[in-house]
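**Student:** This is the structure I have questions about; it appears just below.
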Amino acid sequence: MVERNERVTKVALDIIDAIQDRLAAHDVTHQEYRAAWAWLMGLAQSGEVPLFLDVFFESIVERNTFDGVAGSEHAMQGPYYLDDHPVLSPPYCLPMRDDEPGDAMVFTGVVEDLGGNGIEGATVDTWQAANDGTYSGFVPDVPRGNLRGILTTAAGGTFRFSTIKPAPYRIPHEGPTGEFLLLTGLHPWRPAHFHFTITADGYKPLTTQIYFRGDEIIDGIGDITNGVKDSLIVDVGQGSDPTVASEHGIGPTYLVADATFALDSA
Ligand code: DHB
Ligand code: FE
């Protein structure tokens, strides 16, 4: 037996109330109602419910949940996390195809506590889009774990991995979510970003994203999901350390970016 739940009653009925109010205010006709109904059925059938919900609603609940907490700022998880990312061994190189398009990048991070002490043995789970803005596991012909990996921080809380620089992401436009964006004149872009979930014994987990200064979407039309926070934007530079290049099996010059992740104790 399902019992009445106070919180669901309060929030869900208020949302229904708000929708009814808007339907009345806009004189929505029965024909329009059926068109929206069919569109929602198509959204469910296409498997894009997670995408649509995250585009429009995850950022606000992420802020409700984490704004003001101690440590690094959180960011939404988004719809492209998988729970079976490859566990990597050092030197950390995100798995990629032989001909993976994009610019080589070496990302360096530090995981620390609120006092600035490095946390050794923290788990860093990262995932990103390929150069064409797609995520492995959600498009055909790309190995499932591509550009995803789990690594562990070394002494001092440091970690370093090589990858390709993520590219701006475009919400798929073939399906109902893309149709909705076209119908409403919204653009489909998110700025380039890495995703991270960082966990360590005795600390609260941190799910966040890292963006790049100078990103054409951040500086231009803006993130469709409204997920960017200033503290999460990092500079992109050039690296040419021969030891790093040979350890990671990349060319003599590469892009670099780095970030510090501060975890609050549990
Ligand atoms: C969304 C979030 C992401 O991080 C992403 O890469 C794509 C989409 C989203 O909120 O829908
Ligand atoms: Fe993403």
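**Student:** What are the semi-axes of the equivalent ellipsoid of the chain, taken as the square roots of 5 times the eigenvalues of the Cα gyration tensor, listed largest first and rounded to whole Å?
**Tutor:** 37, 23, 17
**Student:** For residue 261, enumerate residues with amide H under 5 Å from its amide H, sequence gap 5+ or separate chain, H modeled in the peptide plane.
**Tutor:** 110, 111, 112
**Student:** Can you list the residues, at least 5 places off or on another chain, whose amide H is less than 5 Å from the amide H of residue 234, using H built in the peptide plane?
**Tutor:** 211, 212, 213
**Student:** Note down the magnitude of the dipole of the chain about its Cα centre, charges +1 on Lys and Arg C-beta and -1 on Asp and Glu C-beta and zero elsewhere, to the nearest 20 debye. Before the final figure, lay out the partial values.
**Tutor:** On the way: 16 positive and 38 negative charges, 47 e Å.
Once rounded to the nearest 20, the dipole reads 220 debye.
**Student:** Would you kindly derive the ³J(HN,Hα) couplings of segment 54-64 from the backbone phi angles with the Karplus curve 6.51 cos²θ - 1.76 cosθ + 1.60 (θ = phi - 60°), listing them in order in whole Hz, with x for Gly and Pro?
**Tutor:** Result, rounded to whole Hz: 5, 4, 9, 10, 5, 4, 5, 6, 4, 5, 3.
**Student:** Something else: By how many degrees, 0 to 90 and rounded to 10, does the Cα axis of helix 30-46 deviate from the longest principal axis of the chain?
**Tutor:** 30 degrees
**Student:** Further question: Just to check I understand the Karplus step: with θ = phi - 60° and J = 6.51 cos²θ - 1.76 cosθ + 1.60, what whole-Hz values come out for segment 162-173, glycine and proline as x?
**Tutor:** 9, 6, 10, 5, x, 9, x, 9, 10, 4, x, 9
**Student:** Give me the dipole magnitude in Debye, nearest 20, for segment 1-68 about the Cα centre, with unit charges on the beta carbon: positive for Lys and Arg, negative for Asp and Glu.
**Tutor:** Working: 6 positive and 12 negative charges, 33 e Å.
Here segment 1-68 has a charge dipole of around 160 debye.
**Student:** Within segment 1-55, which trypsin sites (Lys or Arg not before Pro) sit in a loop by DSSP and count at most 14 neighbouring Cβ atoms inside 10 Å?
**Tutor:** Taking segment 1-55 and a limit of 14 other Cβ atoms within 10 Å, the loop trypsin sites (Lys or Arg not before Pro) found are 4.
**Student:** Could you order peptides 155-163, 105-113 by the average number of other Cβ atoms within 10 Å of their residues, highest first?
**Tutor:** On the way: 155-163: 18.9, 105-113: 21.8.
Top of the packing list down: 105-113, 155-163.
**Student:** Tell me, what is the per residue accessible area of segment 1-71 in Å², probe radius 1.4 Å?
**Tutor:** On the way: 5750 Å² over 71 residues.
Heavy-atom SASA per residue in segment 1-71 reads 81 Å².
**Student:** Under 5 Å between amide H atoms, partner at least 5 residues away or on a different chain: which partners does residue 122 have, H built in plane at 1.01 Å?
**Tutor:** Placed amide hydrogens put 153 under 5 Å from residue 122.
**Student:** With axes computed from alpha carbons, what is the tilt in degrees of helix 6-25 against the longest principal axis of the chain, rounded to the nearest 10 within 0 to 90?
**Tutor:** Orientation of helix 6-25: about 60 degrees from the principal axis.
The values are calculated or read from the model by the stated rules, or taken from the named source; none is laboratory data. Since the model is a prediction, treat every value here as computed from it, not as a measurement. Cβ coordinates were reconstructed from backbone atoms using ideal geometry, including for glycine residues, and neighbour counts include every protein chain displayed. For the accessible areas, the whole protein counts, side chains as well, though only heavy atoms, and no ligand, DNA or RNA atoms are used. Shrake-Rupley method; radii C 1.70, N 1.55, O 1.52, S 1.80 Å.
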